[in-house]
Amino acid sequence: MSERDRAVLAVERRGWPGPGAKERAIREQLGISPTRYYQLLNALLDDPRALAHDPVTVNRLRRVRAARRERR
């Protein structure tokens with residue numbers, strides 16, 4: 001797993017105080033757009049290395065993703 005992958009998971013693990021704060025942090029800390037961030041994050045959810053690195057965050061996000069798919 002790359003440093004950027006670890007940074008993406010770290011951003012997702014944090015709590016965010018209000019609307020826009022997370023998107024601002026993505027741009028400032030990672031230097032990428034929020035759209036690209038979510039593309040990378042979604043790919044990480046299927047990566048066993050990400051699961052080994054941060055199982056709590058990855059499993060939580062997998063549950064959220066599965067619930068969204070079921071609602072469609």
List pairs: first in the stretch 48-71 and on the phi < 0 side of the Ramachandran plot and among the β-branched types (Val, Ile, Thr), second open to solvent by 60 Å² or more (accessible area, probe 1.4 Å) and not in a helix (DSSP H, G or I), Cβ under 6 Å, 6+ apart or cross-chain?
none
Answer from Arg13, Arg69, Arg27 - the residue that is modelled with pLDDT under 95, open to solvent by 20 Å² or more (accessible area, probe 1.4 Å), basic (Lys, Arg) and in contact with a Ser or Thr (Cβ under 9 Å, 6 or more places away or on another chain):
Arg13
Is one or more of the residues making up the stretch 52-67 in contact with a Pro (Cβ under 9 Å, 6 or more places away or on another chain) and among the basic types (Lys, Arg)?
no
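Residues that are open to solvent by 60 Å² or more (accessible area, probe 1.4 Å) and farther than 21 Å from Met1 by Cβ: does the stretch 37-52 have at least one?
no
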Quickly run through the stretch 28-54 and pick out the residues that are out of contact with any helix residue (DSSP H, G or I) (no Cβ under 7 Å at 6 or more places or on another chain), within 17 Å of Val11 (Cβ to Cβ) and in a helix (DSSP H, G or I).
Glu28, Thr35, Arg36, Tyr38, Gln39, Asn42, Ala43
Pairs with Cβ under 8 Å, 6+ apart, first in the stretch 10-38 and farther than 23 Å from Arg62 by Cα, second part of a helix (DSSP H, G or I) and basic (Lys, Arg)
none
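The values are calculated or read from the model by the stated rules, or taken from the named source; none is laboratory data. Predicted, not measured: the structure shown is a model, and the values here were computed from it. Don't worry about glycine lacking a Cβ; one is built from the backbone with ideal geometry, like all the others, and counts go over all protein chains shown. Accessible surface areas use protein heavy atoms only, side chains included; no ligands, DNA or RNA. Shrake-Rupley method; radii C 1.70, N 1.55, O 1.52, S 1.80 Å.
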